[in-house]
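The values are calculated or read from the model by the stated rules, or taken from the named source; none is laboratory data. All figures in this text were calculated on a predicted structure; none of them were measured in a lab. Because the Cβ atoms are built from the backbone with ideal geometry, glycine has one as well, and the counts that use them run over all protein chains shown.
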Amino acid sequence: MNAKITLRKIVLLTMLLVCATNFAQLSVPFKIRYQGFVKGDMTIIANNIVNRVDFTSGPNEPYYNLTSYAKLNDEFDMAYIDIDEDESTFSSSSAELYLDNSNRKKIVYAGLYWSATYRYNTGIQKSEKKFVPTDASRGTFSSVKLKLPNNEKYIDISGQVLFDGAGKNEFDEIAPYAVYADITDYLKALSNASGVYSVANVKATQGIIEGGVSAGWTIFVVYEDQNMSGKFVTSYDGFAGVTDKSTDIVFNGFQTLPEGNVRAKIACATLEGDNNLLGDQLLFSSNESKFFTPLSTNIRKDNNFFNSSITIENQNFINRYPDSKNTLGYDTCLFTIPNLNNTIIGNNIKEATLRLKSNGDRCFMFFTAFGVEVTPSTDEIIYAATDDKPLKVASKNNLLKFIPANKDFLIEDYRTSSSINRNRKNTFIDSKNNIIEVQTASISSVTSGYYIIANIFKSEQSAIEFVTFLKSKDIEADFFTNILNNYRYVYLKKNNDLNEIVDLYLSKLDDTYEDRIQILAINKNNNDLIADASKKELPSKQVVTIKESNKKELFDVQIVSIPNEPRGYYIVANVFSVSENSVNFFNSLKAKGLTPKVLINPMNNYKYVYLKKVENEQEAQALYLSKINNTYQGKLWILSVNNNNSLITDNDD
């Protein structure tokens, strides 16, 4: 069986190589759709709208097969995904837009794209090379339905057809199309743009056609946040068949920073990129260098960039339903250009080129965007996802590894609360290396924090039964609902202190819970994770507890002697033994508009990140008690350096 599949893929790849030159290099030239300067950023959400049907799974069940034996979309019977149980729709899927600190975000622009292969309504494969329609009709596809967050009804969206391949010899076998609609006003009218978006009635061929069935939708968003750096954002749309004859898209109208790190992002959407067919590339060059660099991420390889996935940075975009990792021919991505030491795009650059090329897999691009930082930032933004490895942060005696949430704990509806003893092993700790996995998720309807999860259920009744069962065993529990997919997460503890949650996790809730558990961080960005994980017990030699009689408030003073440092009182926000963690925390404070500094104790190499240094104890107390004039709400300490332990005596009266 595997030999047959492999042979078919070899034959198909050969056919693609032979016919690649027949495709128009640029069917519809790419033109600017949006361009502007914004203190803020850009983002995307997307999902596919068709999926495979086989003996075990329907189209609403996500397709996760990424192995070398995974079938291509033209080897499957393909059908519409339809998740909404709405009789007015024949296809539908959802994705969640999550904007942290959403009260600071203002929508500037939003564009909706949808695209599919649509030769006719339905078709079958009669023999190896013969594909015939069972419904040869082909309807209009320039309108879809859109459901906005917290709305029960769809609104009708009419779009501009960017391209229709029907009747064009080089495209007629699959007849791809792409459509665009401006939905900015709809998002601007929302009090909060974060939430679940559903797109319905995207038309595509069902069944099988030569070359394969694929379809999906993408929403591109530009938003303003006055606390972020300035960026110049340009989006383009058109339609390009990616072949061995390269297609170039030129970005201009900007100028990168005159000095410092240059940060830039690219977004794009394509149709018909296959997971197991190689040869397609996305390359980038600036006007300073004529050399084109193949771009890649952890998921998208430099020789298989368009690989049937929906990704943000180095991770699969999981906030969608269904959340197939293999979308069988629909690609959308947003990623930061890896630009260590400005090797790909340098300072004072005014033009850059995106190049599409393929010597194997055939695909079609219809949207791309480029965003580059063009004004000095008040912060050093941490792009942890551009690293080759998942975000890892030292915390106490453990190393925390942050990964996207998965559904390992999902229990089918027919499994009841009696399954508490089904699996007593802890699958989320590498005890040999002291590595603990913390899963991360953005869920707009759930309060941010760290949760200890016991189980995930598809039905509310199952979640209620499980919580009732736990309470009968004197185990406190509750659940929340992810409105994206209606999964119910039963949790045992919630806390904003990550280290407390880790301690409870390691102790199995102080030896009160025997089944497996996992830690889920909700609505925490990289800065939050780094700062929270890096908090440690102070390595002080002496701590004096102070109680100011008129305010009746306790606070701690750490007393140290540091050779060759001037005496004084330091208002400390955190202390680190790992340099990288101190730098990350330092940058996160700068991002909040603060002016931190670092004091290093050469005796133990501890790095104290402090916000103020004063000469006398009264000023230190006043700054501590006022939270530095109400500018910092986190935990603070007073570090008394070389003061001969003279700070205030204990006032208990």
Residues of the range 251-277 satisfying the condition of being within 22 Å of residue 239 (Cα to Cα) and among the polar types (S, T, N, Q): 252, 270, 275
Can you confirm whether the range 189-197 contains a residue that is surrounded by fewer than 24 Cβ atoms within 10 Å (Cβ to Cβ) and β-branched (Val, Ile, Thr)? no
Find all pairs meeting these conditions: Cβ atoms under 6 angstrom apart; at least six residues apart or on different chains; first residue within the range 359-386 and among the β-branched types (Val, Ile, Thr) and modelled with pLDDT of 85 or more; second residue surrounded by fewer than 19 Cβ atoms within 10 Å (Cβ to Cβ) and part of a helix (DSSP H, G or I). none
Examine the range 39-53 for a residue that is acidic (Asp, Glu), touching a residue at least 40 places away in the same chain (Cβ under 8 Å), surrounded by 15 or more Cβ atoms within 10 Å (Cβ to Cβ) and in a strand (DSSP E or B), and state whether such a residue exists. yes
For the range 482-501, pairs from a residue that is in contact (Cβ under 8 Å) with a residue 12 or more places away in the chain to a residue that is polar (S, T, N, Q) and not in a strand (DSSP E or B), with Cβ under 8 Å and 6 or more apart or across chains, are 482/445; 483/444; 483/445; 484/319; 488/459; 488/462; 494/447; 496/448
Breaking point among (1) surrounded by fewer than 18 Cβ atoms within 10 Å (Cβ to Cβ); (2) of a type in the set (D, E, K, R); (3) modelled with pLDDT of 50 or more; (4) over 21 Å from residue 605 (Cβ atoms), for residue 565: (4)
Only one of 194, 246 that is assigned by TED's automatic domain parsing to the domain that holds residue 117 and closer than 29 Å to residue 594 by Cβ: 194
Going by the conditions given, is residue 308 of a type in the set (Ser, Thr, Tyr) and either surrounded by fewer than 20 Cβ atoms within 10 Å (Cβ to Cβ) or touching a helix residue (DSSP H, G or I) at 6+ places or on another chain (Cβ under 7 Å) (or both)? no
Among residues of the range 313-333, those that are surrounded by fewer than 22 Cβ atoms within 10 Å (Cβ to Cβ) and outside any loop (DSSP other than H, G, I, E, B), counted: 2
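Residues checked against (1) crowded, with 21+ Cβ neighbours inside 10 Å; (2) within 28 Å of residue 558 (Cβ to Cβ):
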{"position": "459", "(1), (2)": "no, no"}
{"position": "463", "(1), (2)": "yes, no"}
{"position": "468", "(1), (2)": "no, no"}
{"position": "471", "(1), (2)": "no, no"}
{"position": "481", "(1), (2)": "no, no"}
{"position": "490", "(1), (2)": "yes, no"}
{"position": "494", "(1), (2)": "no, no"}
{"position": "500", "(1), (2)": "no, yes"}
{"position": "512", "(1), (2)": "no, no"}
Of the residues in the range 593-617, those that are part of a loop (DSSP other than H, G, I, E, B) and at pLDDT below 85 number 4
Can you name every residue in the range 274-312 that is part of a loop (DSSP other than H, G, I, E, B), of a type in the set (Phe, Trp, Tyr) and under 24 Å from residue 220 (Cβ atoms)? 305, 306
May I ask you to verify whether residue 234 is under 24 Å from residue 67 (Cβ atoms) and outside any loop (DSSP other than H, G, I, E, B)? no
Quick check on residue 482: is it modelled with pLDDT of 85 or more, within 21 Å of the chain's Cα centre (by Cα) and at positive phi? no
From 214, 246, grab the single residue that is buried (at least 24 other Cβ atoms within 10 Å of the Cβ), of a type in the set (Ser, Thr, Tyr) and either modelled with pLDDT under 90 or within 23 Å of residue 304 (Cβ to Cβ) (or both). 214
Looking only at the range 54-71, decide whether some residue is aromatic (Phe, Trp, Tyr), surrounded by fewer than 18 Cβ atoms within 10 Å (Cβ to Cβ) and under 13 Å from residue 322 (Cβ atoms). yes
Find the residue count for the range 609-641, including only residues that are without any contact (Cβ under 8 Å) to a residue 12 or more places away in the chain and either among the acidic types (Asp, Glu) or under 14 Å from residue 573 (Cβ atoms) (or both). 2
Filter the strands (runs of 3 or more DSSP E) completely within the range 111-217 down to those with at least 2 residues that are closer than 22 Å to residue 58 by Cα and in contact (Cβ under 8 Å) with a residue 24 or more places away in the chain. 122-127, 195-200
Of these, 635, 592, 612, 607, which one is surrounded by fewer than 19 Cβ atoms within 10 Å (Cβ to Cβ), touching a Phe, Trp or Tyr at 6+ places or on another chain (Cβ under 9 Å) and of a type outside the set (A, V, I, L, M)? 592
